[in-house]
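Since every read-out is calculated from the coordinates, none of them should be taken as a lab result. Note that the structure is predicted; figures quoted are calculated from it, not measured. Positions of Cβ are generated from backbone atoms using ideal geometry, with glycine treated the same way; all protein chains shown enter the neighbour counts.
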Amino acid sequence: MRNQSVSLTALVEAELMASGAWLITIRWLAGLGVVLGTFVTHTILNVRLPVVPLYIIGVAILIYNACFRAILARLARAATPAPQAFAYLANAQIGLDWSAMIALIHFSGGLESPAVLYFFFHIIIAAILLSPRATYFWAAMATLLLTIISLLEFAGILPHEHVRDYIGIELYTNPVYVLGRLVFFISTMFVAAYLASTLSSRLRKRETQVVTLSQNLLTAYTRLQTVYESAEAVNSTLELGEVLDRLVRRAADALKVRACSIRLLDETGARLSVAASYGLSDAYTQKGDLLLEHNPLARQVIAGKTIVIGDVTNDARLQYPHEATAEGIRAMLSAPLTGKKGALGLIRAYSVDAQHFTPDDAAFLEAIARVGSIAIENALAYRALGKLDQMKSKFVLTVTHELRSPVSVVRSLMRTILAGYAGDLNTQQREMLTRVQYRADFLQTLIDDLLDLAAGKADLAQREDRVIVRLDEAIARIVERFKIPADEKQIAFEWRCEQCPERTLTISATGEGMDRILNNLISNAIKYTPNGGRVTVHLRADNATAMIEIADSGIGIPPDALPHLFEEFYRAPNAKAQIKEGTGLGLAITKDLVTRYGGHIAVQSQPGQGTIFTLTFPLVTELPM
Ligand code: ATP
Ligand code: MG
């Protein structure tokens with residue numbers, strides 16, 4: 001409201017300024033009109049007139065008009081013109097015009113002068129520029145001045161300037177004429193003042209309404225924009241802390257208040273704890289939780305009501321009124337945060353001015369709260385999912401860990417039996433036990449993979465010791481390992497690096513981790529490439545990144561399998577149909593390791609044609625501290 005009245009005054013001032021300028025333009029014509037009119041009437045039409053005073057009046061009008069023009073220009077240039085300056089100027093202009101008019105009338109025949117009629121223009125102009133009161137004042141002044149002049153001339157105190165060529169007989173001494181002229185002049189003057197000022201004040205009222213309306217529209221638009229931007233800002237992250245921080249900041253800015261906070265319900269649903277705040281002291285935010293049982297205000301808000309506390313110093317509903325006063329808070333506005341499954345908490349705005357919040361503010365905070373609730377709910381769900389994933393990984397870690405030792409005992413016993421230490425075996429027994437051993441080995445790999453994967457997910461990764469790993473050496477080692485399997489399938493297997501050995505490409509990783517990554521990708525390439533195919537490993541680098549490409553001419557990956565490739569236990573249907581062995585864990589582990597080392601893995605494939613896996617890693621020459 002404060003802002004509105006300020007700009008309304010500014011608007012009225014601006015209008016007065018424009019009207020002032022307009023009046024000056026008209027006055028140039030009036031001044032020139034008096035001079036020219038006198039010249040034409042006297043010199044051309046040969047009407048006898050008191051020319052000298054009339055010329056003086058015309059020139060005087062032009063001179064004071066020039067002064068007004070200069071003053072108005074100075075006022076318009078001033079950054080902050082004195083209050084009411086334009087209104088004073090308008091009154092001064094009309095005052096001088098009135099004096100000029102009266103002089104003109106006197107020198108052109110007093111009450112008999114046709115110039116009397118010009119007063120009506122002036123009263124209309126006054127009604128346009130000034131308040132109705134000022135208009136009536138000037139109407140009264142005009143009638144008073146004319147009456148005084150007429151009476152003075154009638155009484156012979158003031159000499160009468162008779163324009164004989166216009167009116168043959170002198171009428172100013174005829175009491176009936178004088179009375180009749182004056183009565184009609186005065187009544188017409190006041191009727192004109194009434195009509196013109198009523199019309200113009202009606203117009204002015206309309207104008208004020210239009211201005212207020214357009215200002216309200218602008219405020220509403222700005223707020224809508226803020227809600228929209230807040231929605232964008234809070235929905236662009238799933239990190240709960242960030243969502244809440246952005247929300248309180250946006251709300252405080254948009255409501256133009258000092259502070260804003262969000263309290264969320266705890267698991268018991270009985271207390272509200274501060275989850276984010278903006279503009280509040282630590283002492284205030286740490287003053288304690290709101291207990292719904294003892295806090296009727298919080299209870300009402302949680303039940304879905306938006307509540308305004310106009311003055312915290314005398315509202316019994318507050319749980320901590322003294323703390324609020326000490327913090328310098330005088331008014332509060334609280335809106336519920338409600339999710340799909342019920343109350344999440346509340347958002348509260350704080351102002352240092354009592355009675356600060358309007359119903360509009362309440363509706364606005366409600367809108368922000370609705371947008372915020374969705375974002376908070378999403379972030380909470382995301383956080384819960386993360387926790388679930390961690391729990392699952394911990395579970396897998398425990399179970400597989402427990403499985404590991406019995407399996408390794410089984411494997412070592414099998415080795416002992418197959419080596420003949422427990423007595424001779426016949427062919428059938430040996431064949432069956434070999435199959436058992438094969439299966440036990442597979443079980444061991446599976447357990448190792450699962451342990452690896454779970455270890456990565458369970459945040460054990462942070463404990464690993466990173467070293468500088470030379471990529472060419474790591475690749476060469478794994479390529480060496482797969483030469484024989486590749487030969488067995490007559491696969492053309494090659495590896496190249498144009499920039500080696502001039503450039504040593506190094507990244508930060510663990511030797512074992514890098515081995516596993518390359519092992520998994522190269523073993524897949526050989527495994528999923530039929531006899532006689534081709535597998536190439538290619539290493540290159542630009543300024544900051546190393547790139548390893550593992551390409552094969554194998555069975556490829558169907559497009560609808562691509563999005564699932566890095567999921568645990570996922571195997572594409574074409575792979576499952578052709579090769580029985582496989583857990584579907586290799587790529588999940590690979591991706592996990594690559595991400596840990598700050599790298600990225602991508603895949604391109606054409607079913608039946610081949611597959612290319614591309615790894616990129618940031619190059620480092622020394623380990624980050
Ligand atoms: P393992 O866990 O024993 O490695 P796997 O090879 O089946 O089993 P991943 O290495 O995780 O599992 O690979 C997942 C799936 O991705 C494979 O089952 C296969 O469908 C597909 N795949 C991976 N690499 C290739 C490749 N080079 N060519 C074709 N398909 C591939
Ligand atoms: Mg594999």
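Of all alpha-carbon pairs in the stretch 387-457, indicate the percentage at a distance above 17 angstrom. Tail of P(r) above 17 Å: 51 percent of Cα pairs.
For the chain, taking a cut-off of 4.7 Å between Cβ atoms, the unpaired cysteines are C67, C260. Share of pairwise Cα-Cα distances greater than 43 Å in the chain is 61 percent (whole percent). Listed by chain and number, the aspartates and glutamates whose C-alpha is less than 16 Å from the C-alpha of K341, apart from same-chain residues fewer than 8 away, are D266, E267, E377. Judged by the mean number of other Cβ atoms found within 10 Å, the most tightly packed of the peptides 94-105, 401-412 leads the ranking 94-105, 401-412. Tell me which aspartates and glutamates have Cα within less than 17 Å of K591's Cα, excluding those fewer than 8 residues away on the same chain? Excluding near neighbours in sequence, the set is D389, D448, D449, D452, D459, E464, E512, D515, E549, E567, E568. Distance from the Cα centroid of the stretch 10-81 to that of the stretch 590-618 is 86 Å (rounded to whole angstrom). Extension gain for L32 to L45 (0.36 nm times residue separation, less C-alpha to C-alpha distance): 2.9 nm. Protection proxy ranking, highest mean first, for peptides 560-571, 383-394, 294-305: 294-305, 560-571, 383-394, where packing is the per-residue count of other beta-carbon atoms within 10 Å, averaged. Ordered by the number of other Cβ atoms lying within 10 Å of each residue's own Cβ, fewest first, V163, V436 fall into the sequence V436, V163.
Label zone (H322, point 7 Å along Cα-to-C-beta; backbone nitrogen cut-off 15 Å) within the stretch 280-311: 284, 287-288. Between the stretch 334-409 and the stretch 295-330, how many Å separate their Cα centres? Each part reduced to its Cα centre gives a spacing of 25 Å. A straight line joining the Cα centroids of the stretch 116-195 and the stretch 520-589 runs 106 Å. Working note: 222 nm ellipticity from helices only, DSSP H runs with n ≥ 4, each -39,500 (n - 2.57), summed and divided by the residues of the chain, gives -20000 deg cm²/dmol to the nearest 500.
Which helices pass in the chain if a helix is a full DSSP H run, must span at least 27 angstrom along its long axis by Cα, and must have mean Kyte-Doolittle hydropathy not below 1.0?
Numbers: long enough: 2-39 (56 Å, 0.93); 51-77 (39 Å, 1.59); 85-107 (33 Å, 1.13); 132-154 (32 Å, 1.22); 175-235 (88 Å, 0.36); 359-418 (86 Å, 0.34); 427-457 (45 Å, -0.36).
Qualifying helices: 51-77, 85-107, 132-154.
The slack between K394 and A422, meaning 0.36 nm per residue of separation minus the straight C-alpha distance, is 6.2 nm.
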